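Comments concern the structure below.
The values are calculated or read from the model by the stated rules, or taken from the named source; none is laboratory data. Being a predicted model, the structure only gives us computed values, none of them experimental. Glycine also receives a Cβ, built like all others from the backbone with ideal geometry; neighbour counts cover every protein chain displayed.
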Amino acid sequence: MKLHIALEQYLAAKQSLGFRFRAESVVLRAFSLAMGKVSVGQVKPVAVRTYLNGRGPVTRFWEYTDQSLA
């Protein structure tokens, strides 16, 4: 299954349960774009850590994304 499809289904499931999940959806969609058109099995831990580390200095938002996506 493609990553972007899995994430969209996950977000739809969360929202159907009544979760607003707005900030999380922004983070997950940005992650999906950063990973490209890959299947879920192709996403490696090093790619996730690279995404989370970003390009600039670590901010408080990093802690939020690291914990919310774990």
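Name the residue that is nearest to Thr50 (Cα to Cα), counting only residues in segment 9-24 that are part of a helix (DSSP H, G or I) and at pLDDT below 90. Full working, then the answer.
Initial filter on segment 9-24 (part of a helix (DSSP H, G or I)): 9-16, 22-24.
Right, trim to at pLDDT below 90 and you get 22-24.
Details: Arg22: 23, Ala23: 20, Glu24: 18 Å.
Top of the filtered list is Glu24.
Quick check, is Arg55 loosely packed, with under 11 Cβ neighbours inside 10 Å and at pLDDT below 95? For Arg55, the condition - loosely packed, with under 11 Cβ neighbours inside 10 Å and at pLDDT below 95 - is met. Give all pairs with beta carbons closer than 6 Å in which a residue from segment 39-59 that is within 18 Å of Val26 (Cβ to Cβ) and in contact (Cβ under 8 Å) with a residue 12 or more places away in the chain meets a residue that is charged (D, E, K, R) and not in a loop (DSSP other than H, G, I, E, B); count only pairs at least 6 apart in sequence or on separate chains. Within 6 Å, the pairs are Leu52/Asp66.
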